[in-house]
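Nothing in this text is a laboratory measurement; each read-out follows from the coordinates by a stated rule. It should be emphasised that the depicted structure is a prediction, and the values quoted were computed from it without experimental measurement. Don't worry about glycine lacking a Cβ; one is built from the backbone with ideal geometry, like all the others, and counts go over all protein chains shown.
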Amino acid sequence: MTPPSEGQPETPEHIGEEQRRAVRENAKRVIRDSGIGEMLQTLNRQALQGRGWFEEYDSGVLFKWGTGYTRRHIWIDIHGDELRFRLRNHLKCSAAIPLCDGEYHTFTPAMWRIRGAVLRELNRNYERPVAETSED
């Protein structure tokens, strides 16, 4: 899509594409800076021997593995500068790190700079992943 001519107002499609690009670039930055991208790649290589795959979205990534009845996933969403692990609905956790609202475990930038905390959350999500319904 070409940008609007100088002096003409931007179209809603152009504004929407600009916002999507900004969200994508921010998500890439947080995934890189937090180290979660590298941690997911390492998990895929070492624990799954490369059998997992990634689905990238504007504001995050879905890491999947398994087939049929054994398919599992870890959903990581970026909201502003926050790194969020999407979980099954559950009772709100009482731990200080990560923040919990019953649907997401959220790491603020100060929290995701504590790599051990992010790694613990990733391992917890790998050991107890969200199961997907079978497409059979």
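Taking the range 88-135 on its own, how many of its residues are in contact with a strand residue (DSSP E or B) (Cβ under 8 Å, 6 or more places away or on another chain) and at positive phi?
So the count comes out to 0.
So the check is Cβ under 6 Å with 6+ separation or different chains; which pairs have a first residue in the range 102-119 that's more than 12 Å from Met39 (Cβ to Cβ) and a second one that's of a type in the set (Lys, Arg) and not in a loop (DSSP other than H, G, I, E, B)?
Hits for this filter: Tyr104/Arg84; Tyr104/Arg86; Thr106/Arg84.
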